[in-house]
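Enquirer: Here it is: the structure, laid out below.
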Amino acid sequence: MHFAGGDHYDELYRDFRWKVPAHFNMATVCCRRWANDSCRIALLTEDAAGNRTQYSFSDLQKKANQLSYALRDAGVTKGDKVAILLPQQFETAVAHIATFQLGAISMPLSLLFGPEALSFRLSDSAAKIVLTDEAGLSNLLSVRDKCPALEKVIGINTLQAYGVTQWDSFLASHNRSFPLTDTLATDPALLIYTSGTTGPPKGALLPHAALIGNLPGFVASQNWFPQEQDVFWSPADWAWTGGLMDALLPCLYFGMPIVGYRGRFSADTAFRLLQDYQVSNTFLFPTALKMMMKAWPNPRQHFHLKLRAIMSAGEALGKTLYDWCEQALGVRVNEMFGQTEVNYIVGNSDRWPSKPGSMGRPYPGHRVALLNENGSLCEPEQIGELAVHRSDIHHHPDPVFFLGYWNHEVDTATRYSGQWWRTGDLAVMDTDGYFWYQGRSDDMFKAGAYRIGPGEIENCLMRHPAVGQVAVVPKPDEERGNSIKAFVVLTPGYKPSAELAYELQKYVRNKLAPYEYPKEIEFINEIPMTTTGKVQRGMLRQLEIDRARKES
């Protein structure tokens, strides 16, 4: 077991001080300062065919210098947007470092985006350049004419196509060191579009300093990363905050290697990567951990693992998964909460006791509280909206904050109550200062006289061996307003039946309050998920609303 023991929280939280230089650039701390050591490994990459390559920080810096020159020659200047439509590979890291040191803004995009999603983000951001590979090229070219600001498409290992500049020719003849563009810590560095719960996605503009704001939570949740011979891997897409700010950039900041895998996630692949690369630290979504638990209940009987820290976020972990990780993997999972706008603010570590199912406590440097609908602080054990103050307990500015939503100043302002940023997520804080997630404010619903949060019911159902995945939503009900409905994906070996549905209902009734059991269970093949592994309950809620309208 990799437990540090003891409770050092109060001391760590009280004594922490932010050190944010006025001039700061992520390219310097994530690559330049390590580049003179040609033996220091930055990335270990592997594709779906099993081809492996390793790259040093020196390799990363040299290629980033070439790209910075090429981008500058193509007309990219400070403040311009460079879109990066790439998977977990070397060129993705190169693109970010090159963009940062140019003073431009990198905009990661997921290869899972369809044409409409790509078109909206490219047009809304007015991105000048897109770097992509064969997987993203078709969708990109189909919408290129709808993106008037887009001047050039750079193809990495793509077939020759009209209007696409090949990566090698784009970088040719640029082999000098690149002079770093002077940037303030508050200058924009990243534009990451959030999925949102209502309306179209909004671009969250992050400054260079946001990386500093992420570091206390990253270090703590990874049980005081880095330690000698640490190796990091996460399936989290580098196009999202979870992959970029919770994995890639912090690892590069500390000069430690990260594994990049270009292939589909599976439980077998996950365990194989953990074993082959002797991964010590990881970030795994609850969805991924559930798949791994179901596929390999006793993994250490089959795989030689070196794990010492697991961070999990995106959804509540639940006691079943928490216990399995501790017993089957020998690692106590550190749950964490954050969002693109204010990331890595609450969580757990081996430096203080955890409570299974709790989100944890505010990480050092962040002042976090719960606000009621009037913007007042909630008392312990009262449900409220999780909020983060613009300054820490010492009244120093917290660098974790984003700069605002791109072209949405009003939407940015409405999310604040004074100096408190309202996250839109509901929680309860106990008398020990631990937060307990209750779901998105728009996930909560009334059923009769009771306020229902789906997380507790879902976690209960997940403990039943027949349940592989589950999502709980309200179903319109004339008498009660709503009733509770559960959508369930069964584990292999179980078949849908009325008897099994009744068994699951009875299972919940025996473990939770009588009003919390699902009045209806529907067996489905797949739960809708976001690209970051979060359950899209809104889609299922809308499905039930549409069904009710047809029946009325």
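Enquirer: From 215, 211, 205, grab the single residue that is open to solvent by less than 10 Å² (accessible area, probe 1.4 Å), outside any loop (DSSP other than H, G, I, E, B) and in contact (Cβ under 8 Å) with a residue 12 or more places away in the chain.
Expert: Residue meeting the stated conditions: 211.
Enquirer: Quick check on the range 147-168. Is at least one of its residues under 19 Å from residue 69 (Cβ atoms), open to solvent by 30 Å² or more (accessible area, probe 1.4 Å), over 22 Å from the mean Cα position of the chain (by Cα) and β-branched (Val, Ile, Thr)?
Expert: yes
Enquirer: Which of the residues that make up the range 499-522 are among the polar types (S, T, N, Q) and either in a loop (DSSP other than H, G, I, E, B) or touching a strand residue (DSSP E or B) at 6+ places or on another chain (Cβ under 7 Å) (or both)?
Expert: 505, the sole residue that qualifies.
Enquirer: Go through 112, 118 for me and flag whichever is open to solvent by 30 Å² or more (accessible area, probe 1.4 Å), under 21 Å from the mean Cα position of the chain (by Cα) and not basic (Lys, Arg).
Expert: Checking each option against the conditions leaves just 112.
Enquirer: Which condition breaks for residue 412 when tested against (1) under 25 Å from residue 191 (Cβ atoms); (2) part of a strand (DSSP E or B)?
Expert: All conditions are met except number (2).
Enquirer: Does the range 54-87 hold any residues that are within 20 Å of the chain's Cα centre (by Cα) and either open to solvent by 10 Å² or more (accessible area, probe 1.4 Å) or of a type in the set (D, E, K, R) (or both), and which are they?
Expert: 87
Enquirer: Could you please give the count of residues in the range 418-444 that are open to solvent by 10 Å² or more (accessible area, probe 1.4 Å) and modelled with pLDDT under 80?
Expert: Within the range 418-444, residues that are open to solvent by 10 Å² or more (accessible area, probe 1.4 Å) and modelled with pLDDT under 80 number 6.
Enquirer: Of all residues in the range 268-291, which are at pLDDT below 95 and either polar (S, T, N, Q) or out of contact with any Gly (no Cβ under 9 Å at 6 or more places or on another chain) (or both)?
Expert: 287, 289
The values are calculated or read from the model by the stated rules, or taken from the named source; none is laboratory data. Note that this is a predicted model, so its numbers are computed, not measured. With ideal geometry, Cβ positions are generated from the backbone for all residues, glycine too; neighbour counts draw on all protein chains shown. Accessible surface areas use protein heavy atoms only, side chains included; no ligands, DNA or RNA. Shrake-Rupley method; radii C 1.70, N 1.55, O 1.52, S 1.80 Å.
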